[in-house]
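Notes follow the structure.
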Amino acid sequence: MTSYGRAAKLLCFAAFTDALAFCATDAQSVVNPVGPQSGKIAGLWWFFFWLLGAIFLLVMVAALWTLTRPNRGLAQEPLEGTHQVSQETESRATRVVTGASIATVVILFVLIVASVSTGKGLAELPYKKNTLTIEVMGTQWWWNITYQNSDSSLVFTTANEIHIPTGRPVQIRGLSNDVIHSFWVPNLHGKADFIPSRVNTEWIQADKPGVYRGQCAEFCGLQHAHMIIYVIAETPENFRKWYEHQLQPAGQPSDPTTQRGQQVFMNNACVYCHQIRGTDAAGQNGPDLTHFGSRLGIAANTVPNTPGNLGGWIADPQSTKPGNHMATVAVNSADMQPLINYLESLK
Amino acid sequence: MIQTQDVLPNVPNQEEDISNLERVWRRGRGLFGWLSVTTHQAIGMRYIVTAFVMLLVGGIEALLMRIQLAKPNNTFLNPDLYNQIFTTHGTTMMFLFAVPMMEGMAIYLVPLMCGTRNVAFPRLNAFGYWMFLGGVLFLYWGVFTGAAPDMGWFAYPPLSGPQFTPGKRTDVWAQMITFTEFSALCVATEIVVTILKMRTPGMTLNRIPLYVWSLLIQSFMVIFAMPAIVVASSYLLSDRTIGTHFVNPAEGGDPLLYQHIFWFFGHPEVYIIFIPALGFVSAIVSANARREVFGYPAMVLSQIANGFIAFGLWVHHMFATGLPQIGEAFFTASSMMIAITSGVQIFCWIATLWTGRPRMTTSLYFVYGFIAIFVLGGMTGVMLASVPLDLQVHDTYFVIAHFHYVLIGGAVFPLFGAFYHWFPKMTGRLMSERLGRWNFWVLFIGFNLTFFPMHILGLKGMPRRVYTYPPEVGWGSISQLATLGAFIIAIGGIMFLANVFMSRKTGSVAGNNPWEADSLEWAASSPPAPYNFEYLPVATTRTPMWVPREERAFVTGLRTDRREVLVTTLMDAEPHHRYVLPGSSIWPFITAITVTIGFIGSVFNPWYIISGSILTFFGLLGWFWPRRSTEIRDEAGVRA
Amino acid sequence: MFFRSLSALTIGAGLFLTGCQREKRDIRPSPTRLAVYGDAAKESALRPGGPINPQPVVTNPYNSSGYDISEGQRLFSWYNCNGCHANGGGAIGPPLIKQQWIYGGEPANIFDTIIKGRPNGMPAWGGRIPEYQVWQIVAYVRSMNGQQPTSATPTRPDTIETNPQTLRNRTSGETK
């Protein structure tokens, strides 16, 4: 076998194992549901898949069978000259085609019923008790998140990462303040378009703790590919602890380097866009950074949240995420490390 | 020109008729003659060639995209370029390849199949082509000057609005649409009138070839659907150029309004592309199975139902926008029901092949490929019709896989089959069957290798229109496989071009009817004379070319010293009156130039609408200037 | 056939050469434009020890580019210029759509105004935001006055308009 053949084989094998592996991976997959919404949809998916797959095979068998009958019709009929098929053949074919058409109608009707009833099943979640409301605003190219509560002292803002308790229905109220985005966390539910001037609501629930990756699913401009959101499902106890911590303002920096970092932050253009509760920085244009240090990623999870990535991001946002709206602020090399330390200290 | 029609025993002056026809229908000389041609074969061929070039260009754009996506975090294309390329790929394929190609084949074949000499409005035909060419040139001028559209081929606002897509990119896109929709409307109008009023005597509605039925239905669909896209793109264009608020939510406009109007066009659009392809399949199957297609009434009614139902599906593109559940359920039902109409047709073709005597020519290979690929695409379409499933896989690679299966499988494979089937008619030479079979298998394998894995990518969470992805999501090796498949498709395309160029020089000479097919275009010579038939053949059955030679009838007595055709009644195609068609004319070209000036200029300055209109007035003045017997020429070719 | 191809090629080349500044997207700011000018609120030329701060470059590198005018529009709202200048009509601050510029309407003048600040309340942005963003705002402000090609200027923002004539100068378009 030539090296090309080997390479092609390897590629096919890799893709095949990848395809098999997807059944086993959790990440961002439609067929790995972790909650009732995505579970119902996955169930419907497999029903459709097997039924329609069988129908496809049947049709293919019928089509390919015609190839095994070269040079004769159903009965041995010379077609030259008359090009007419006998009446008997024609009526047999009529019966078969009519039967197949009726079967098609019936099967489609079954599929419609299955689909509509699954849709009704998906609409049950809002009627359960003890729901949590999170308002998510999609904006170019990150997610602005506000946890809602009728008690306004329990309302706080964060960005790009949602924590939810397992077993509790969560209402995602979707907004957009620029173009149309779409909130999609496949492990949890289908997608909901966030359209400016409308509120689109989606109900999700996670039954297993885990980190579920989602992505914007409506083309929204240059960095549509890097608008990623993590939904982290935790046990109710852990969620409560996280929630209470998020309500706290940022702590004051303790050591001189971190204090210097805070100074650098306050004296630069950072404050025009970012908010750190507990300090004077209250910009609303960019993500809230109050508890930035405890988040998984930077720049809507384009890169993982490590000091090195953070330094690269601040020094040159356009190389990490070309076209994004963060200003390229020239920070002195002497000031960069303290700034990174400060931001990472905002746990 | 070789006269291959039989010498008719009782018709006097046949030689004189033939030489008159040659003279009257001859194209003028030089560039001026080329610009003023109004015969349908020439214009149809122009559409076909231009649209095919657009297919190649769109294919190159696809290859660029696939190279960028072959591995994670690739830097082959920056996001701005990638956005421009995927938008231009979609726009080129949908507006500049698919619809014009189907129209071009229709313009070429419909008058031949109907047994007449030209389309009903020859100058409008020429004008439509120049408008199409104007759209092509305008869009690609934009592409080469950095103004390629970059907001997706459906250009949803607010992303495509003035604030979020600065410059002229979206304006170029929106005005290109106006060009191509004008062109489509021109073609649709003349095809409808040709089919309804210019069929040869005896070709009752019950005897119209299935391809011609498909074009009739498609043309009506064009007439109803195209105005919607003109409205949608005009809303966008006026929002961007003169500051209106049709789709600006802050001032009371609605982005969803655009989506509704766009998809009211957009869904029928794909059936506009697909239904003529079904016509191709019918023609190829009947010729190669040696019997007429089974279930003619069922086929016709299915196609008509297809055309109607297609207008009731559009919301399935908007299931994720938060519309009420009961509304969405209605569209689930209608989207699934349209599978019945396509299914019935597939069953009829399979029954035809089953009860006929199939002869495996390359075009029949492509028909089998069509059945395999299109039915799979139809299955995923039924999945997408279901709202819960669509909420998961909408705007992902699953949808990309679906529509490439139905469009390439459902339209491009039949189109290639059509090329192999009618190439002998258009050029007089047969294509190589051996290379054709290789061509088919390379395209079939390459296509499935590229697009089948995309179903898996979509289920694994990969959204559409992303210019890159990180390594940890596990999309890398499947993407690489898809890129490999894309290059195999490219090889298939090159093989096809090689076959075309080779066969034009060295293919075996085809007679009038190398496939012994049944419809009237095979009565004309290969390639047809500009006047198609010396004497129009009469149709007494659905398969006129299978009537024994002795029993065939012809229309005699039409004047041959002018471009005269026979207009017949709608239902039964009885001769009604004679009509003289206009000859060559430069005015369609001139009018197209003036309209182009108005359209292109208005993108930059609204005042060009006024000046363009004034210039167009003069163009139309020349076009409609009353002619006194200008079509009658004496023996020396001088106008009487 | 030959002439047809030749003319097609020539037309193609001509079209290609009309490529323009308008559609350029300079996503990455040039490293020379990242400077954040220091405290430059001084209005006097006298300075002990000679000038410390480099003088700004006088031509706007982002003239005529639709993308940068659009970025300027975004920054105009993000940095709250419309808090004082509304959408150009003026409120607490003077209007920016006008024929009489208090401190000059040339790009260099507007740049100076933004960097150094002006009496009666215009803050000094020098030392706060990078230079390339100031030039983008300058491009946008001039687009309000018809000083940028109309093909590059957005006709309206996707927001509520306080003044329908916000982005086009309906008079002769002259500025002093």
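The values are calculated or read from the model by the stated rules, or taken from the named source; none is laboratory data. Keep in mind the model is a prediction, meaning the values are calculated, not measured. Glycine gets a Cβ as well: all are built from the backbone with ideal geometry, and neighbour counts include every protein chain shown.
Observations on the structure shown:
- Filtered by the rule that a residue be touching a Cys at 6+ places or on another chain (Cβ under 9 Å) and in a helix (DSSP H, G or I), the stretch C:115-138 gives a lone residue, C:Ile137.
- Residue within the stretch A:6-25 that is in contact with a Lys or Arg (Cβ under 7 Å, 6 or more places away or on another chain) and either modelled with pLDDT under 85 or assigned to a loop (DSSP other than H, G, I, E, B) (or both) present: yes
- Test for B:Arg66: is it in contact with a helix residue (DSSP H, G or I) (Cβ under 8 Å, 6 or more places away or on another chain) and more than 14 Å from chain C (Cβ to nearest Cβ): yes
- Residues of the stretch B:67-106 that turn out to be of a type outside the set (Gly, Ala, Ser) and either under 30 Å from B:Tyr211 (Cα atoms) or surrounded by 21 or more Cβ atoms within 10 Å (Cβ to Cβ) (or both), as a count: 24
- Of the residues B:Glu433, B:Glu472, B:Glu516, the single one that is over 30 Å from A:Thr320 (Cβ atoms) and within 14 Å of chain A (Cβ to nearest Cβ) is B:Glu516.
- Checking each residue in the stretch B:475-513 for being outside any helix (DSSP H, G or I) and more than 14 Å from chain A (Cβ to nearest Cβ) picks out B:Gly507, B:Ser508, B:Val509, B:Ala510, B:Gly511, B:Asn512.
- With respect to being touching a residue at least 60 places away in the same chain (Cβ under 8 Å), surrounded by 24 or more Cβ atoms within 10 Å (Cβ to Cβ) and outside any loop (DSSP other than H, G, I, E, B), B:Asn118 falls outside the description.
- Residue pairs whose Cβ atoms lie under 6 Å apart, sitting 6 or more positions apart in sequence or on different chains, and linking a residue in the stretch B:294-313 that is farther than 18 Å from B:Leu353 by Cα and touching a residue at least 40 places away in the same chain (Cβ under 8 Å) to a partner that is among the polar types (S, T, N, Q) and in a helix (DSSP H, G or I), are B:Ser302/B:Thr341; B:Ser302/B:Gln345; B:Gln303/B:Ser214; B:Asn306/B:Thr341; B:Leu313/B:Ser334; B:Leu313/B:Ser335.
- Unique match (being touching a helix residue (DSSP H, G or I) at 6+ places or on another chain (Cβ under 8 Å), buried (at least 23 other Cβ atoms within 10 Å of the Cβ) and assigned to a helix (DSSP H, G or I)) among B:Leu112, B:Leu124: B:Leu112
- The numbered conditions (1) within 10 Å of chain A (Cβ to nearest Cβ); (2) closer than 21 Å to A:Ala54 by Cα; (3) in contact (Cβ under 8 Å) with a residue 12 or more places away in the chain are all true for B:Thr396 except (2).
Okay, residues lined up against (1) within 14 Å of another protein chain (Cβ to nearest Cβ); (2) under 30 Å from B:Ile284 (Cα atoms); (3) surrounded by fewer than 21 Cβ atoms within 10 Å (Cβ to Cβ):
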| site | (1), (2), (3) |
| --- | --- |
| B:Ala184 | no, yes, no |
| B:Ile191 | no, yes, no |
| B:Met198 | no, yes, no |
| B:Leu210 | no, yes, no |
| B:Ser219 | no, yes, no |
| B:Ala225 | no, yes, no |
| B:Ser238 | yes, no, yes |
| B:Thr241 | yes, no, no |
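- For the stretch B:546-578, the tally of residues that are under 28 Å from the mean Cα position of the chain (by Cα) and either among the hydroxyl-bearing types (Ser, Thr, Tyr) or buried (at least 21 other Cβ atoms within 10 Å of the Cβ) (or both) stands at 6.
- Test: residue in the stretch B:62-79 that is of a type in the set (D, E, K, R), part of a helix (DSSP H, G or I) and farther than 23 Å from B:Val500 by Cα: yes
- Number of the condition not met by B:Thr50 [criteria: (1) crowded, with 22+ Cβ neighbours inside 10 Å; (2) in contact with a Pro (Cβ under 8 Å, 6 or more places away or on another chain); (3) not in a loop (DSSP other than H, G, I, E, B)]: (1)
- Selection of the stretch B:146-171 for residues being at the interface with chain C (Cβ under 8 Å from one of its Cβ atoms) and either in a helix (DSSP H, G or I) or under 30 Å from B:Met45 (Cβ atoms) (or both) yields only B:Arg169.
- Hey, C:Gly72 assigned to a loop (DSSP other than H, G, I, E, B) and either within 17 Å of C:Val134 (Cβ to Cβ) or touching a Phe, Trp or Tyr at 6+ places or on another chain (Cβ under 6 Å) (or both) or not: no
- Note on the stretch A:103-129: residues that are part of a loop (DSSP other than H, G, I, E, B) and facing another protein chain (nearest Cβ under 9 Å) amount to 1.
- Qualifying residue in the stretch B:375-382 (condition: more than 7 Å from chain A (Cβ to nearest Cβ) and of a type in the set (S, T, N, Q)): yes
- Qualifying positions in the stretch B:351-377 - farther than 28 Å from A:Ser91 by Cβ and not in a helix (DSSP H, G or I): B:Thr361
- Checked against the criterion of being within 11 Å of chain A (Cβ to nearest Cβ) and either over 17 Å from A:Ile55 (Cβ atoms) or surrounded by fewer than 23 Cβ atoms within 10 Å (Cβ to Cβ) (or both), the stretch B:305-312 has no qualifying residue.
- Residue in the stretch B:319-334 that is within 25 Å of the chain's Cα centre (by Cα), buried (at least 23 other Cβ atoms within 10 Å of the Cβ) and not acidic (Asp, Glu) present: no
- Flag if C:Tyr79 is surrounded by 22 or more Cβ atoms within 10 Å (Cβ to Cβ) and either closer than 19 Å to A:Tyr272 by Cα or of a type in the set (Ser, Thr, Tyr) (or both): yes
- For the stretch B:122-145, filtering for residues that are among the hydroxyl-bearing types (Ser, Thr, Tyr) and within 12 Å of another protein chain (Cβ to nearest Cβ) leaves 2.
- Test: residue in the stretch A:292-301 that is over 30 Å from A:Gly167 (Cβ atoms) and without any contact (Cβ under 8 Å) to a residue 24 or more places away in the chain: yes
- Test: residue in the stretch A:227-244 that is away from every other protein chain (no Cβ under 12 Å), β-branched (Val, Ile, Thr), in contact with a strand residue (DSSP E or B) (Cβ under 6 Å, 6 or more places away or on another chain) and within 13 Å of A:Leu132 (Cβ to Cβ): yes
- For the stretch A:144-164, the count of residues that are within 13 Å of chain B (Cβ to nearest Cβ) and not in a helix (DSSP H, G or I) is zero.
Per-residue answers, yes or no, for (1) at pLDDT below 95; (2) within 30 Å of B:Met151 (Cβ to Cβ); (3) outside the structural domain of A:Ile172 (by TED's automatic domain parsing); (4) surrounded by fewer than 16 Cβ atoms within 10 Å (Cβ to Cβ):
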position: A:Ala217; (1), (2), (3), (4): no, yes, no, no
position: A:Ile228; (1), (2), (3), (4): no, yes, no, no
position: A:Gly251; (1), (2), (3), (4): yes, no, yes, yes
position: A:Val264; (1), (2), (3), (4): yes, no, yes, no
position: A:Cys270; (1), (2), (3), (4): yes, no, yes, no
position: A:Ala282; (1), (2), (3), (4): yes, no, yes, yes
position: A:Asn285; (1), (2), (3), (4): yes, yes, yes, no
